[in-house]
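The values are calculated or read from the model by the stated rules, or taken from the named source; none is laboratory data. All of these numbers come straight from a predicted model, not from anything done at the bench. A quick note on method: Cβ atoms are made from the backbone with ideal geometry, for glycine too, and the neighbour counts reach across all protein chains shown.
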């Protein structure tokens, strides 16, 4: 048999290459969607029950800037001294973080708004990076237009993925007037300060950290979420808190973000603190640090 007859047809090789490329792209898309924007199960009854059991906590519903319906909790009394918009981490939701934020509200004499990103638990839509930004802009407008939060007096607090969302909102609020009008579709009041809890330096750095064995894994992540770049241009005072034993985002990333911020006091490095239990394990230290920060800003 001649060599030409033994060689697979060019069409077969083309088909195999196309199939491999398609499977590769599907894997990349799944990796990004599953790791950054997971869709969560819904349990309306349980969440309403939790909210009803806590003092000075009520459920709220509002819209993102593109009209997507969002769900959240408002924790703390209207007469509270401080106003805080809390941006949850990856997979976080109003019910899980709401109980913690109810404690924060009491400890700091604050009213705290915590909400579900689109596609998370009780919010409508499907998660995406741009959706995160539209959601937090909607929460900001709702807090000031419907809840009556005073302009220039509210704090943006973000945890983990939420720190990237908080930094993005802060950047949007200090963009040009024309750009703000495009992003918010309404007058957007400025913010007072930023609190960044367990921030990563960038999604690309996280890919290197978590999947370094894949070599060029960071090239497969299409979400930008570059906290270092945004931190360098931050126009607000910003406090960074990070656990030294964080098993998900290394404290070194938090140190890099803190060093890049133009207006940042020394970072608060909480000895032995883990990623998802920092408040429960270091509540006293966090409360003291945040009170001192807010007192100075």
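For segment 103-131, a tally of residues being assigned to a helix (DSSP H, G or I), in contact (Cβ under 8 Å) with a residue 40 or more places away in the chain and closer than 20 Å to residue 62 by Cα returns 2. Quickly run through segment 154-202 and pick out the residues that are touching a helix residue (DSSP H, G or I) at 6+ places or on another chain (Cβ under 7 Å), within 20 Å of residue 287 (Cα to Cα) and in a helix (DSSP H, G or I). Of everything in segment 154-202, just one residue is touching a helix residue (DSSP H, G or I) at 6+ places or on another chain (Cβ under 7 Å), within 20 Å of residue 287 (Cα to Cα) and in a helix (DSSP H, G or I), namely 163.
Being closer than 28 Å to residue 292 by Cα, out of contact with any strand residue (DSSP E or B) (no Cβ under 6 Å at 6 or more places or on another chain), assigned to a helix (DSSP H, G or I) and assigned by TED's automatic domain parsing to the domain that holds residue 69 is a property that holds for residue 137.
Here residue 92 meets the list (1) in a loop (DSSP other than H, G, I, E, B); (2) free of Cβ contacts under 8 Å to residues at least 12 places away in the same chain almost entirely, failing just condition (2). Just so you know, in segment 94-103 the residues that are touching a helix residue (DSSP H, G or I) at 6+ places or on another chain (Cβ under 8 Å) and surrounded by fewer than 24 Cβ atoms within 10 Å (Cβ to Cβ) include one that is modelled with the highest pLDDT, and it is 103.
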